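Okay, so here's the structure we're looking at.
Any read-out appearing in this document is the output of simple, stated calculations on the displayed coordinates, not a laboratory observation. Keep in mind that this is a model prediction, so the values were computed, not measured. Cβ sites come from the backbone with ideal geometry, for glycine too, and all protein chains shown count toward neighbours.
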Amino acid sequence: MATTSFFPTRIYASALQARNDQGLRRQLLAECHQLREDDAAGRRWSATGYPGGYTSYGSANRMHVMSPTFARLEQRLSRHIKAYARALELDLTVRVLSMTDCWVNIMPPGVTHSLHLHPLSTISGTYYVQVPRGSAGLKFEDPRLSQMMAAPPRRLDAAAENRPWVTLPATPGHILLFESWLRHEVPTNTTRSERISISFNYSWF
């Protein structure tokens with residue numbers, strides 16, 4: 001009997017643009033720094049919701065409608081969202097996917113972003129603005145893990161699709177897209193520099 005794979009978990013990884021990304025990335029980097037300076041409410045929220053770091057998730061989480069620069073990012077994400085939706089074979093004839101949330105994350109050295117998912121969204125993702133050399137990638141959890149009550153450990157040389165955890169690299173100018181129910185985390189920033197990213201959600205309803 002043949003072994004067949006069902007219920008795949010698909011993650012999309014790509015450069016945002018084939019070329020000429022530097023200008024947009026520099027502008028986004030400057031606005032991320034400025035937002036942290038200006039966003040007193042976000043700094044207060046981060047003190048408990050994102051200890052040691054800064055995120056605008058609890059204060060300025062619709063940057064695509066607040067900033068023309070972030071709106072340009074949304075425009076350039078559009079073809080990637082469409083390509084990922086095609087790969088997932090989503091039926092979008094009745095409604096389209098639209099960006100509902102877009103926020104900034106700044107992780108200084110020693111900061112961790114613990115395991116979480118993005119409820120009430122369809123597709124989520126991250127654009128990497130600044131990633132120090134040696135910085136951790138984005139770590140994804142097998143969504144079946146909580147049901148594996150009696151499963152033995154996987155071999156050290158197991159294929160990536162059979163492992164309980166997979167980490168994909170964070171690369172400046174690149175994006176990662178995933179379905180919003182997929183739990184993920186960012187391990188501790190062990191470098192000496194800040195790791196800066198922009199996260200976003202797309203919803204179908």
For the chain, built as a Gaussian network whose Cα springs stay under 10 Å, the top-fluctuating residue of Asp157, Asp38, Asp91: Asp157
Per-residue ³J(HN,Hα) for region 30-39, Karplus 6.51 cos²θ - 1.76 cosθ + 1.60, θ = phi - 60°, Hz, x for Gly and Pro: 4, 6, 4, 5, 5, 4, 4, 5, 7, 8
Whether region 51-138 is rounded, prolate or oblate, judged on the alpha carbon gyration tensor where a/c under 1.5 counts as rounded: prolate
In sequence order, calculated HN-Hα J values of region 102-118 (Karplus, 6.51, -1.76, 1.60; Hz; x Gly/Pro): 7, 9, 9, 10, 10, 10, x, x, x, 8, 10, 10, 6, 4, 7, 9, 10
Degrees, to the nearest 10: 40-49 long Cα axis against longest axis of the chain: 30
Cβ-based exposure ranking for Arg95, Arg43, in which fewest neighbours within 10 Å come first: Arg95, Arg43
Residues Ile11, Ile81 arranged by fewest to most Cβ contacts within 10 Å: Ile11, Ile81
Residue-count net charge about His118 - beta-carbon cut-off 12 Å; Lys, Arg +1, Asp, Glu -1: -1
Amide H contacts of Thr122 (H built 1.01 Å from N, under 5 Å, at least 5 apart or other chain): Tyr202, Ser203, Trp204
Where a label projected 7 Å from the Cα of Arg10 along Cα→Cβ would reach, residues of region 171-204 with amide N under 12 Å: 178-179
Only Lys, Arg (+1) and Asp, Glu (-1) charged, at Cβ; region 1-48 dipole about Cα centre in debye: 140
Residues with amide H under 5 Å from that of Ala170, placed H, sequence gap 5 or more: Gly137, Leu138
Per residue convex hull volume, Cα atoms of the chain, in Å³: 159
Hz values of 3J(HN,Hα) by residue in region 191-200 - Karplus curve (6.51, -1.76, 1.60), Gly and Pro given as x: 8, 9, 10, 7, 9, 10, 9, 10, 9, 7
